[in-house]
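Please read the structure below before turning to the comments.
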């Protein structure tokens, strides 16, 4: 076992040894809608306007001593999992706004570049846990973890943006698998192996069908770049294969922690 893994998994075991943070569901208010509308304005990542499309959907809100989560278009989300992730990762109050748009992460046509509209699903301001906005239902938990890491000042500030994102995404997936395993070492190793194998197949697909090879290619920061981070952490990560089954999706992860 790698030296950092024991401490990492122990923290997650401790989280799952007790109940999730107490939280209550409250009414979606006019102020919540005002905030949602302000965040639905066009931005550089949500180039498809997915947030705008969700403004007419019903809203729900969960509140705890850790902050609040506002969700549009999803009546029964996995609150417990999200509050556990928040308690694991941040020390300040959070506000998370989720536009649960059903659009999947889809690959563009072969030989076309992967852009923001194909892969992005949320954003946050660095070191500001009140700024998290997510706009796809697919992989919400993984994106929440990713944005919580940004919002908790974990970014390696000395690196350029593609490497910051690769580092953040690599750790988000490590954490997601850790939560899926509830901190169990054997389960985490299995989930990480499945995740690494999937990521290698996805990287090979992006390399051969969409020209994703270096940090200059936009999708590198979320896909190929995470492989380098895992290698530096000591995980067993091969090079993307030359023979493989083409990956049909741009979703980044396989694991979905049980909500409890």
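Quick look at the values:
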read-out: Flag if residue 77 is touching a helix residue (DSSP H, G or I) at 6+ places or on another chain (Cβ under 6 Å) and either within 17 Å of residue 137 (Cα to Cα) or at pLDDT 95 or above (or both); value: no
read-out: Residue match in segment 252-259 (condition: crowded, with 16+ Cβ neighbours inside 10 Å and more than 30 Å from residue 19 (Cβ to Cβ)); value: no
read-out: Yes/no for residue 99 being at pLDDT below 95 and in contact with a helix residue (DSSP H, G or I) (Cβ under 8 Å, 6 or more places away or on another chain); value: no
read-out: Output for segment 163-174, where each listed residue is closer than 15 Å to residue 256 by Cα and over 10 Å from the mean Cα position of the chain (by Cα); value: 174
read-out: Test result for residue 133, more than 25 Å from residue 36 (Cα to Cα), buried (at least 18 other Cβ atoms within 10 Å of the Cβ) and modelled with pLDDT of 95 or more; value: no
read-out: Where residue 46 falls short, out of the listed (1) closer than 18 Å to residue 260 by Cβ; (2) at pLDDT below 95; value: (1)
read-out: Test: residue in segment 210-224 that is on the phi > 0 side of the Ramachandran plot and either surrounded by fewer than 18 Cβ atoms within 10 Å (Cβ to Cβ) or free of Cβ contacts under 8 Å to residues at least 12 places away in the same chain (or both); value: yes
read-out: Test result for residue 65, at pLDDT 95 or above, loosely packed, with under 15 Cβ neighbours inside 10 Å and under 30 Å from residue 174 (Cβ atoms); value: yes
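Okay, residues lined up against (1) surrounded by fewer than 23 Cβ atoms within 10 Å (Cβ to Cβ); (2) modelled with pLDDT of 95 or more; (3) in contact with a helix residue (DSSP H, G or I) (Cβ under 7 Å, 6 or more places away or on another chain):
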position	(1), (2), (3)
173	no, yes, yes
178	no, yes, yes
189	yes, yes, no
196	yes, yes, yes
199	no, yes, yes
208	yes, yes, no
226	no, yes, yes
234	yes, yes, no
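The values are calculated or read from the model by the stated rules, or taken from the named source; none is laboratory data. Being a predicted model, the structure only gives us computed values, none of them experimental. Because the Cβ atoms are built from the backbone with ideal geometry, glycine has one as well, and the counts that use them run over all protein chains shown.
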